[in-house]
1. For a label point 7 angstrom out from the Cα of residue 315 toward its Cβ, which stretches of segment 24-56 have the backbone nitrogen within less than 17 Å?
2. How far is the Cα center of segment 216-251 from the Cα center of segment 140-184, in Å?
3. Provide, in order from the shortest bin, the percent of all Cα-Cα pairs of segment 9-159 in each 5 Å bin, continuing until the bin that contains the maximum pair distance.
4. Please report the projected area of segment 165-207's Cα convex hull averaged over all directions, in nm².
5. What is the Cα convex hull volume of the chain when expressed per residue in Å³?
6. Where the accessible area of the chain is counted over protein heavy atoms with a 1.4 Å probe, how much of it, in %, is carbon and sulfur?
7. If you average the C-alpha positions of segment 260-314 and of segment 1-46 separately, how far apart do those two centres end up, in angstrom?
8. How would you rank 298-305, 10-17, highest first, on the average number of other Cβ atoms within 10 Å across their residues?
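The values are calculated or read from the model by the stated rules, or taken from the named source; none is laboratory data. Please read these numbers as outputs of a predicted model, since none were measured by experiment. Cβ sites come from the backbone with ideal geometry, for glycine too, and all protein chains shown count toward neighbours. For the accessible areas, the whole protein counts, side chains as well, though only heavy atoms, and no ligand, DNA or RNA atoms are used. Shrake-Rupley method; radii C 1.70, N 1.55, O 1.52, S 1.80 Å.
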Amino acid sequence: MTEETLPIIDLKDFIKKDSSQADRNLVANDISVACKEHGFFYIKGHGIEQELIDRLDSLSRVFFKLPQEVKMELKMESGGRAWRGFFPLGGELTSNMPDWKEGLYLGTELQDDHPDVQKELPMHGKNLFFSSEQREKELGIEGFRSTILQYIEAVTNLGHVVMEAIAISLGLAPDYFSSKYTKDPLILFRIFNYPSQPIPEGLDVQWGVGEHTDYGMLTILSQDDIGGLQVCSQKNGQRVWIQAPPIKGTFVCNIGDMLDRMTGGLYRSTPHRVKLNTSGRDRISFPLFFDPNFCSFVKPIDNLPKVENQDDSNTRWDHANVHMFTGTYGEYLLNKVGKVFPQLKTINQF
Ligand SMILES: O=C(O)CCC(=O)C(=O)O
Ligand SMILES: [Fe+2]
């Protein structure tokens, strides 16, 4: 572990109404440096109200404290092919090992008559929420559903802004990604709880989340004040782990496999992990995955600087070569999800 820190990028001058091209280029330039060096950066000045984040945080804490059988009313096995719902501690395998976390899987809320749901596209559909506001009230989580949907909408909008900055940082038109991939992005959102709870004897659990890269384009993460996220950077050809501690008022952003593929490895999808929580308090985090449309074919961007040693599969956690993959983002994602949730493969006919 080094003392090195991840860059903090202020989006204020990018977002403000009267921002000049020069203002926007300065921010994009910071993003370019951060993406090449780390594939990870914090953002501040993003315009999302702290009150919304705090409200989601408090409601989520009450949710995770509910009895297991109540949380299991939302169990992922009932989420069908939309891949939504609650999974209990140890229910997800990253790098073939159970993670010491529980979580609620969510995404863009699509009703049954939405064309993508009618087409039976996996990962598209309704979220699993409690049956009514009255029931939420009884459980002490009044407004959980509406707060989650409000948060997803706000952070999705932020995703569009960050992708615009990333496009400019690559010397592309600001709408490069939105016109090709994210006009209708695939948005998956998770609320995780990493309990500070001893691991039962005999269970081989090492991490809150094992080492992995994210599958899509951009992850935007809000985390509470506990910490534990670690990021693997390359320094002179060596892997070094850097802490990504909580910084109030910021989100942590990172590049996923699809942007690595599109940029020919210029912007790397950086491995990361979360250490076991031994703080004595629960750690809650909120990753939102802002990803290409499920049906889009993800192709390399023309005329970017060439990267030596583009193929990093020998050091990657999953030994995958993202540059060799051809197909839609949906195909890539389904293959990955089948590995971390093997039980869902049969249930949902993914
Ligand atoms: O909880 C965190 O801090 C990170 C979670 C993460 O890496 C993921 O869900 O992909
Ligand atoms: Fe991740």
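1. 35-40
2. 20
3. 2, 8, 13, 15, 16, 14, 13, 10, 6, 3, 0
4. On the way: hull surface 23.2 nm².
Spelled out: convex hull of the Cα atoms, projected over all directions, averaged, 5.8 nm².
5. Enclosed volume per residue, from the Cα hull, is 144 Å³.
6. Result for the chain: 50 percent of the exposed heavy-atom area is carbon or sulfur.
7. About 17 Å separates the Cα centre of segment 260-314 from the one of segment 1-46.
8. 10-17, 298-305
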